[in-house]
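Structure first, then comments.
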Amino acid sequence: MTEHLQIAIDGPAGAGKSTVARKLADKLGYLYIDTGAMYRASTWLALKHGLSLHDGPAIAALARRTEILLAAADETSDGKIRVYVDGEEITRDIRTQKMSEQVIPVAALKEVREVLVEKQKELARQGNAVLDGRDIGTVVLPKAGLKIFLTASAEVRAGRRLKELNAQGENPDFEELLAQIKDRDHKDRTREVSPLTMAEDAIEVSTDNLSIDQVVDKLLALAETAKRSTV
Ligand code: C5P
């Protein structure tokens, strides 16, 4: 039987999860699954079909019957993975500031979470994988061989988000972004279904004073000694 390692990376918005997770997966040659992109894709689908962003059963049914494909990032996708729904590319559409707000109610819907968690488990079953999100270590892969909880102060995260949005041609106010980050943290941590919490066996890593590459190196060292399992 082959030994596999599943790495769960959770943490609040803007801690650097997706960049770190993608680089880590690249270095290890593992599959990278950006679960936030799946919540964003489901929100995009709901909007396209004119559904209420609070209609759990309808959005869940739509997400279930739609193929959500996560493809590798390249130089034209700003380092983000490419996302397709039933063949239509939505990579950029799901990364706007507006979408970051619209996804919040959708990610709080129990029915939607059930469908997406199932899809995530199925993808992770394929072998070695790095998954990032809010509930990977607690709900999606409670038996992951390595669980990381990536954090950073709200100020550092707002600064990073500002840079990212500036690069996309958006010009938001820093204070407003900071308030939004704090509000999103609060909603992520207090929502009823799968709130953002650190798994008991997760290792907390703060990215405040570390570069992306330093964080990746740290996680690579942790992956070396992590527990492999047969899946
Ligand atoms: O990580 P990202 O910002 O792309 O996530 C988009 C939204 O999906 C966030 O509001 C986050 O709370 C939610 N999410 C979630 N569970 C995950 C991944 C993301 O609730 N596993």
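The values are calculated or read from the model by the stated rules, or taken from the named source; none is laboratory data. A quick note: this is a predicted structure, and the numbers were derived from the prediction, not measured. Every residue, glycine as well, gets a Cβ built from its backbone with ideal geometry; the counts of neighbours run over all protein chains shown. These accessible areas exclude ligands, DNA and RNA; they are computed on the full protein's heavy atoms, side chains included. Shrake-Rupley method; radii C 1.70, N 1.55, O 1.52, S 1.80 Å.
Listed values, structure above:
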quantity	calculated
Hits among lysines - C-alpha to C-alpha of Lys110 under 17 Å, sequence gap 8 or more where chains match	Lys119, Lys121, Lys187
Spatial separation of Cα centroids for the stretch 16-86 and the stretch 172-218, in angstrom	19
Loop-located GluC sites (Glu not before Pro) in the stretch 107-150 whose Cβ has at most 14 other Cβ within 10 Å (DSSP)	none
Accessible solvent surface per residue of the stretch 6-229, calculated while the other protein chains remain in place, 1.4 angstrom probe, Å²	47
Shape of the chain, Cα gyration tensor, a/c cut at 1.5	rounded
Charge dipole magnitude, Cβ of K and R +1, D and E -1 - the stretch 47-114, Cα centre, debye nearest 20	200
Relative contact order [Cα under 8 Å, 6+ residues apart], the chain, whole percent	34
Accessible carbon and sulfur surface of the stretch 168-226 relative to its total accessible area, %, 1.4 Å	47
Helical segments meeting 18 Å axial Cα length and Kyte-Doolittle -1.0 threshold in the chain (DSSP H)	35-48, 110-124, 154-167, 212-225
Nitroxide proxy distance, nm - points 7 Å out along Cα→Cβ at Thr2 and Arg189	4.0
Of Ala129, Val156, Val139, farthest towards positive along the dipole that unit charges on Lys, Arg, Asp, Glu beta carbons give the stretch 109-164	Val156
Residue of Gly16, Gly50, Gly145 that the Gaussian network model of the chain assigns the largest fluctuation, springs spanning Cα pairs under 10 Å	Gly50
Environment charge of Gly14, counting only residues whose C-beta is closer than 12 Å and scoring Lys/Arg +1, Asp/Glu -1	+2
For the chain, calculated [θ]222 nm from helices alone, where every DSSP H run of n ≥ 4 adds -39500 (n - 2.57)	-15000 deg cm²/dmol
Prolate/oblate/rounded label for the stretch 183-231 (Cα gyration tensor, a/c 1.5)	oblate
Karplus-derived 3J(HN,Hα), 6.51/-1.76/1.60, for each residue of the stretch 71-88, Hz, glycine and proline x	10, 4, 6, 9, 5, 9, 10, 6, x, 8, 5, 8, 10, 10, 10, 6, x, 8
Distant-in-sequence amide H partners of Val205 (H built 1.01 Å from N, under 5 Å)	Phe149, Leu150, Thr151
For the chain, size of Cβ-based charge dipole, Lys and Arg +1, Asp and Glu -1, in debye	380
Rel. contact order, % - alpha carbon contacts under 8 angstrom, at least six apart, the stretch 45-174	17
